[in-house]
1. If you keep only loop residues by DSSP, which GluC sites (Glu not before Pro) in segment 357-450 have at most 14 other Cβ atoms within 10 Å of their Cβ?
2. Mind grabbing the base-10 log of I(q)/I(0) for segment 141-183 at q = 0.14, 0.24, 0.27, 0.34 Å⁻¹? Debye formula, identical points on the C-alpha positions, no solvent, two decimal places.
3. Ignoring ligands, DNA and RNA, what percent of the accessible area of segment 160-249 is carbon or sulfur (1.4 Å)?
4. How would you classify segment 365-409 from its alpha-carbon gyration tensor, with a ≥ b ≥ c the square roots of the eigenvalues: rounded for a/c under 1.5, else prolate if a/b is greater than b/c, otherwise oblate?
5. For a quick protection proxy, order the peptides 272-279, 214-221, 330-337 by their average other-Cβ count within 10 Å, most packed first.
6. In whole Å, what are the Cα extents of segment 378-446 along the three principal axes, biggest one first?
7. So if the hydrodynamic radius of segment 204-279 is defined as the Kirkwood radius over C-alpha pairs, what does Stokes-Einstein give as its diffusion coefficient at 20 °C and 1.002 mPa s, in µm² per second?
8. Restricting to Cα atoms and excluding each atom paired with itself, what does the Kirkwood estimate give for the chain in Å?
Amino acid sequence: MSGRTAMGVEFVDKTGQPGPAVWELGTYPADEGDHPVRGVSWYEAAAYAEFAGKSLPTVHHWLAATDRASPAEVGELSNFDGRGPDRVGARKGLGPFGSYDMAGNVKEWCFNAAGGKRYTLGGAWNEPTYMYRSAHAQPPFERLETYGFRCAKYLEAPAAALNAAIERTWRDYSRLKPVDDATFRVYQGLYAYDPTPLDPTVESVDSGSPYWKKEKVTFNAAYGGERVIGYMFLPLDATPPFQVVVYFPGSGALTRPSHEDLSLQNLDFVIRSGRAVFLPIYKGTYERRLRETPPDESRALRDLQIQAYKDLGRSVDYLRTRGDVDAEKLAYYGFSWGAALGVIYTALEPRFKASILVAGGLDSDRPPPEVDQINFVTRVTVPTLVLNGRDDFRFPLEESQKPMFRALGTPAEHKRHLLIRGGHVPPRLEIIKGVLDWLDRYLGPVETKG
């Protein structure tokens, strides 16, 4: 199964012996005897499946074998907690046909191709729950620690159509132009709101973390007589006034019932660097989620995104009332969905001094023009870091990432596209380095008590 391929790629472990990338001396880690095999390429997975008299499942068969419950429900029973792989069957996530861990734990190679890549499914322990049934194609020689597989045994050989490549199309942004300034001002008006009293209240304080104090606050929304919920993470190792990073999560927030489900692995380091983090519970997310998420490209989703922007603006209004906040040192930090929306929101909100867009890009959807990224991205002027996995299939490099970065209206010397090895969720250490460097550069370094 492992060794040197004809193309010169070595399938060896950490010590140069034949084996998966995470093994040593040709054997698995001592505490992973009951864990899924991981750190393997598509070729290794396919070779083992053939050796065992089986096959890698097609994308179609893999999806047919899974539970069609929402990612939120499946995620509660699966390993998406960011702490590493777990033994097979340790979680209660059991599929309808008796399969364990199809959601989370390790990503699973499937047979089908997409261009020169091969599909993975299921998501990994360090990814959002929405990756569960999202098919992402990756380079077949890639051997990341999160890449595993399962085998399929067919009673009859699959039809050729099921084994065929699964290609997709994307918007050609090179042919699209933003609306003129007069039309854009009309769109801006949809996002405007009256500066009515906030009436903020600190609802509770949680001092359970050794690194931060967490305040739950509420204040008046800009619409419908609602109250916005927000969570303020105040660092214990720094002194006010604090720089503040306002976070906007990925689309998993639309289905998860509580912000407590948000993994802090791509966020906690900001607080530990001595900066405060503010997490608004935007309309339609977490504790304010809707019974049903509006479909893509719908007017209902447009309205929800405009309300979420107003929540963001009111959050900035609120932060500027606090005596422990440096109101001139606020940054926007969006992940995936939050990064995609970030080019709209930072074009409208001038009070951010820096923007960080992780795992985002220009989308393939064709939404209503008043929420179409192409009409906003050229009007962004804030210093912006775009941080992506080079092999992100959700926001692909050539079709999505590069067009967004090129279109940003930010001057060239104040924007950066940081490409990292990996897929939709870049490695944590690289995120930490990139984000903290950008914050130091545009908000200034922070002196911690330690």
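The values are calculated or read from the model by the stated rules, or taken from the named source; none is laboratory data. Computed from a predicted structure; not experimentally measured. Neighbour counts are summed over all protein chains in view; Cβ atoms, including those assigned to glycine, are modelled from backbone coordinates with ideal geometry. Ligands, DNA and RNA are stripped out before the accessible areas are found, and what is left, the full protein with its side chains, is counted by its heavy atoms. Shrake-Rupley method; radii C 1.70, N 1.55, O 1.52, S 1.80 Å.
1. Answer in residue order: Glu447.
2. For the requested q values the scattering log ratios are -0.72, -1.03, -1.04, -1.14.
3. Whole-percent figure for carbon plus sulfur exposure: 54.
4. Working: a/c = 2.51, a/b = 1.22, b/c = 2.06.
Since a/c reaches 1.5 but b/c is at least a/b, the shape of segment 365-409 is classed as oblate.
5. Working: 272-279: 22.6, 214-221: 18.5, 330-337: 25.4.
Averaged packing, sorted descending, gives the order 330-337, 272-279, 214-221.
6. Principal extents (Cα only, largest first): 34, 30, 14 Å.
7. Working: Rh = 13.4 Å.
Rounded to a whole number, D works out at 160 µm²/s.
8. Working: mean 1/r = 0.0431 Å⁻¹.
Answer for the chain: a Kirkwood hydrodynamic radius of 23.2 Å.
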